[in-house]
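To start, the structure under review is shown below, and the notes come after it.
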Amino acid sequence: MRLRSAVVLRPRAQLDEQPATHDVIVIGAGPAGLHTASLTAEAGLDVVVLEEHDAIGVPTHCTGIVSGETNHLYKIPEHIVLNRPLSCHVISPGGHVAELEDPGEEIAVIDRAAFDRALAASVVDAGGVVRTRCRVDQVRNGDRFVEVETSEGERLRARALVLACGVTYRFHALLGSRLPSPILHTAQLEVAATPGGPLEVHAGRCVAPEGFAWLVPFRRGERSYLKVGALLRGDASGYLQRFLARPAVAARLQEVPGEPIRRLLPLAPVARSYASRLVAVGDAAGLTKPVTGGGIFYSLVSAQLAAETLIEALAENDLSAGRLAAYEVRWRERLMPEIRTSRRFRECLAHLGDHEWDRLVAALASNEVQALIKRRARFNWHSPLITSMLGQPGIKSILIRSFLR
């Protein structure tokens, strides 16, 4: 594909009264927006990414766990890998433990800020532009172009606009779409800690109602750290602070934890992810894994499908809603069966009491279910394992009783 040379935008004082029209403007420099920008720029399109924060990847909203399958979409640079865990312990309120081993999927904990910076570098290498400290406050969609206006009063135009601004959803009225529902709350931080150990997932109503808390060990240089977080319905920051104060967790910390980063997490897609000249990708489209809340893989998948659709539509000079509907058809075909099954499973888990969590984790630790997990588990595709586990009489009865209670 033809690559454009890097575009240098003129200072605002020198802007023409009628700004030049780019091919694509992307609002938001997370994985979804940056990957969409990179792929469209590689196709020779004039692409600009607008990011409101001072630096790419800051603040970091994500724990950053991926599998080797991610490399089929974007090659993860080895220098950003912080840990390659071999197992994860699922821990119930009563202390039951089920070990989930990496089935050979090359699970990696990555430096999310460095990952975003690598994606931004790919945009620039492909001939696109990434601008920081550039908050978009207004969007006007016209017959021939979309115009955005920044907080500094600068206006930019494009033939197409990509909403990749995460869970802010301030521009979703342009899609004619309601906000995604349900939404959970997350809080997470990094803290210096004693080295080593597996990943840990802690469940229970006292730990994280309708969710879970996690501990992810990693290293930066010579120092050991933990990524600690909680996903739940309610005060995620408060539950995280109580989790950090647990004796078994507090004993591992080597510094006083700072303030957590908080965010909303959609568990279902938006009603509509496209409109005339517009598409929404990643979290902005409500695309996250319903069971774990992971978003990197779905972000990259949606970015690839959005880029394919935009490249075709721009070549045809047809940016109508009817033409861009192909993007939603594509991601729904790829992801919606998985999202639907995972949402039903999550709803069952959300009803579990602490005693039921004890029974479920004990069942997961059994030899029969462990063998099933080894055969059917896939990091990015949960539905095969979910379907198989629901065929286990013990697990099925626990989930059905809790759901119908």
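The values are calculated or read from the model by the stated rules, or taken from the named source; none is laboratory data. Predicted model, so just to flag it, every value in this text is computed and none were measured. Ideal geometry is used to build each Cβ from the backbone, glycine not excepted, and the neighbour counts take in all protein chains shown. Ligands, DNA and RNA are stripped out before the accessible areas are found, and what is left, the full protein with its side chains, is counted by its heavy atoms. Shrake-Rupley method; radii C 1.70, N 1.55, O 1.52, S 1.80 Å.
Exactly one condition in (1) open to solvent by 20 Å² or more (accessible area, probe 1.4 Å); (2) assigned to a loop (DSSP other than H, G, I, E, B); (3) β-branched (Val, Ile, Thr); (4) within 27 Å of Val148 (Cα to Cα) is false for Ile311; which is it?
Here Ile311 meets the rest and fails (2).
Condition check: part of a loop (DSSP other than H, G, I, E, B), under 26 Å from Arg359 (Cβ atoms), open to solvent by less than 10 Å² (accessible area, probe 1.4 Å) and in contact with a helix residue (DSSP H, G or I) (Cβ under 6 Å, 6 or more places away or on another chain). Does Ala208 satisfy that?
Yes.
Any chance you could count how many residues in segment 320-344 are open to solvent by less than 10 Å² (accessible area, probe 1.4 Å) and either under 20 Å from Leu175 (Cβ atoms) or among the hydrophobic types (A, V, I, L, M, F, W, C) (or both)?
5
What number goes with the only condition from (1) touching a residue at least 40 places away in the same chain (Cβ under 8 Å); (2) over 13 Å from the mean Cα position of the chain (by Cα) that Val291 does not pass?
Exception for Val291: condition (2).
Considering Arg140, Arg170, Arg220, which residue is among the basic types (Lys, Arg) and in contact (Cβ under 8 Å) with a residue 12 or more places away in the chain? Please lay out each step first, then the result.
Working: Arg140 fails: in contact (Cβ under 8 Å) with a residue 12 or more places away in the chain; Arg170 fails: in contact (Cβ under 8 Å) with a residue 12 or more places away in the chain.
That would be Arg220, the only listed residue that is among the basic types (Lys, Arg) and in contact (Cβ under 8 Å) with a residue 12 or more places away in the chain.
Hey, could you check segment 35-57 for residues that are within 19 Å of Arg135 (Cα to Cα) and touching an Asp or Glu at 6+ places or on another chain (Cβ under 7 Å) and say which is surrounded by the most Cβ atoms within 10 Å (Cβ to Cβ)?
It comes out as Val47.
Among what's in segment 345-358 and is of a type in the set (D, E, K, R) and closer than 13 Å to Ile400 by Cα, pick the residue that is most open to solvent (accessible area, probe 1.4 Å).
Glu347
Answer yes or no as to whether Gly166 is over 24 Å from the mean Cα position of the chain (by Cα) and modelled with pLDDT under 95.
Working: over 24 Å from the mean Cα position of the chain (by Cα): no; modelled with pLDDT under 95: yes.
For Gly166, the condition - over 24 Å from the mean Cα position of the chain (by Cα) and modelled with pLDDT under 95 - is not met.
Given Val270, Val279, which one is closer than 23 Å to Glu338 by Cα, open to solvent by less than 50 Å² (accessible area, probe 1.4 Å), touching a strand residue (DSSP E or B) at 6+ places or on another chain (Cβ under 7 Å) and in a loop (DSSP other than H, G, I, E, B)? Walk me through it before giving the result.
On the way: Val279 fails: in a loop (DSSP other than H, G, I, E, B).
Of the residues listed, the single one that is closer than 23 Å to Glu338 by Cα, open to solvent by less than 50 Å² (accessible area, probe 1.4 Å), touching a strand residue (DSSP E or B) at 6+ places or on another chain (Cβ under 7 Å) and in a loop (DSSP other than H, G, I, E, B) is Val270.
Restricting to segment 55-96, and then to whatever is hydroxyl-bearing (Ser, Thr, Tyr) and part of a loop (DSSP other than H, G, I, E, B), can you tell me which residue is modelled with the lowest pLDDT?
Checked segment 55-96; the qualifying residue modelled with the lowest pLDDT is Thr60.
How many residues does segment 97-117 hold that are assigned to a helix (DSSP H, G or I), of a type outside the set (Lys, Arg) and either touching a His at 6+ places or on another chain (Cβ under 9 Å) or surrounded by fewer than 19 Cβ atoms within 10 Å (Cβ to Cβ) (or both)?
Counting residues in segment 97-117 that are assigned to a helix (DSSP H, G or I), of a type outside the set (Lys, Arg) and either touching a His at 6+ places or on another chain (Cβ under 9 Å) or surrounded by fewer than 19 Cβ atoms within 10 Å (Cβ to Cβ) (or both) gives 2.
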